[in-house]
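A quick write-up on the structure given underneath.
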Amino acid sequence: MRKARISGYAPINADECDYADQNVEDDHEEPVVAKDEKENGDRYRRYLSIAIMMFSMLVSSIGFSIIFGSVWPYYQEIDDSATESFLGFIVAAFSFGQLLTSPLIGMWSNYRPVKEPLIITLIVSTAGNLLYSYAEAFEDGGKWILIISRFIMGLGAGNVALARSYMSSATLETERNTAMSLLASMQALGFILGPALGLLFQPLGEDGLKWSAIKLYFNLYTGPGFLGALLSIINILMVVFFFKEYNLQGMKKRIHLSRVWRYCFAKCMYMESSPEAKPLVLNDDNVGRHVLPWLDQQSSLAY
């Protein structure tokens with residue numbers, strides 16, 4: 001019977017360390033790995049998911065630029081002491097929020113399905129757009145509502161990094177350059193369409209439609225925010241009902257060991273050496289170096 005040994009501990013029987021079925025846990029739904037789409041007929045669904053991610057990029061870009069044509073008169077309507085310098089802060093708040101959430105969204109997507117951060121960011125964008133449109137309802141501090149709403153929109157725009165990451169993992173190597181180019185085109189198209197869509201509300205004028213009971217004002221200033229919220233809601237429905245995550249590059253399962261199994265695993269890795277023992281270095285997955293802080297020469301099995 002083979003025995004395991006580790007410095008500082010008594011030897012134990014390797015057969016008692018039944019860790020083979022315990023050392024891997026999958027705490028989330030694995031992305032679909034499609035290796036031969038001709039066999040599984042999943043190409044259409046994958047392309048649909050890629051198109052939805054491109055639409056998310058388009059919505060994010062539209063949300064950034066749709067207010068450019070009306071934000072200055074809107075700000076003046078809300079605050080009589082409006083200044084150009086504060087307008088700069090209102091515009092910059094979006095990018096600042098996006099700067100904060102982009103790395104966080106990226107880390108989130110490494111451990112959870114892409115659909116989760118994507119839906120959450122779209123909900124945040126919807127809330128930011130609605131708050132922007134309701135800024136006129138606040139008699140005092142309306143300008144601060146504008147800057148806060150733009151900051152919240154920026155937090156939701158962190159899904160731009162998520163879209164690029166997903167596009168890389170959901171495409172074949174022969175498709176990747178085209179897909180990334182189309183994604184960049186969606187972003188540029190959103191920047192162009194944003195101000196143009198804002199012009200659609202010009203016929204409403206400053207008065208527009210009012211619903212005093214809930215302080216709802218639908219005019220040329222608030223219309224862009226409501227449209228941005230509507231696009232985000234449509235995007236959420238598309239993600240919920242039609243989006244499916246793909247990872248054509250494959251994905252290694254993460255190893256989760258409790259303290260007990262980590263201890264047992266460490267002991268079983270150190271097999272009792274013998275003159276004819278042959279070292280088997282774990283070069284494939286580097287379990288020894290990742291799970292425990294071992295040196296290269298320690299990450300070996302004797303058999």
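The values are calculated or read from the model by the stated rules, or taken from the named source; none is laboratory data. None of these values were measured; they are calculated from a predicted model. Counting neighbours? That spans all protein chains shown, and the Cβs are built from the backbone with ideal geometry, glycine included. The area values use the complete protein model at the heavy-atom level, side chains included, leaving out ligands, DNA and RNA. Shrake-Rupley method; radii C 1.70, N 1.55, O 1.52, S 1.80 Å.
Brief remarks on what is shown
- Test result for Leu146, in contact with a helix residue (DSSP H, G or I) (Cβ under 6 Å, 6 or more places away or on another chain) and either open to solvent by 30 Å² or more (accessible area, probe 1.4 Å) or more than 24 Å from Leu183 (Cα to Cα) (or both): yes
- Residues satisfying the stated conditions in the stretch 61-102, i.e. acidic (Asp, Glu) and in contact with a helix residue (DSSP H, G or I) (Cβ under 8 Å, 6 or more places away or on another chain): Glu77, Asp79
- Filtered by the rule that a residue be touching a residue at least 24 places away in the same chain (Cβ under 8 Å) and either exposed (fewer than 10 other Cβ atoms within 10 Å of the Cβ) or more than 34 Å from the chain's Cα centre (by Cα) (or both), the stretch 197-214 gives a lone residue, Glu206.
- Subset tally (residues that are among the hydrophobic types (A, V, I, L, M, F, W, C) and crowded, with 22+ Cβ neighbours inside 10 Å) for the stretch 100-136: 5
- Close pairs from the stretch 215-228: first modelled with pLDDT of 90 or more, partner charged (D, E, K, R) and assigned to a helix (DSSP H, G or I), Cβ under 7 Å, at least 6 apart: Tyr221/Glu77; Tyr221/Glu136; Thr222/Glu136
- All positions within the stretch 136-160 that are hydrophobic (A, V, I, L, M, F, W, C) and modelled with pLDDT of 90 or more: Trp144, Ile145, Leu146, Ile147, Ile148, Phe151, Ile152, Met153, Leu155, Ala157, Val160
- Among the candidates Leu220, Leu204, Leu162, Leu193, residue that is of a type in the set (A, V, I, L, M, F, W, C) and over 22 Å from Ala93 (Cβ atoms): Leu204
- Candidates in the stretch 88-99 are the residues that are aromatic (Phe, Trp, Tyr) and open to solvent by 20 Å² or more (accessible area, probe 1.4 Å); of these, the one that is farthest from Ala51 (Cα to Cα) is Phe89.
- Sole exception among (1) part of a helix (DSSP H, G or I); (2) surrounded by fewer than 22 Cβ atoms within 10 Å (Cβ to Cβ) for Ser60, by number: (2)
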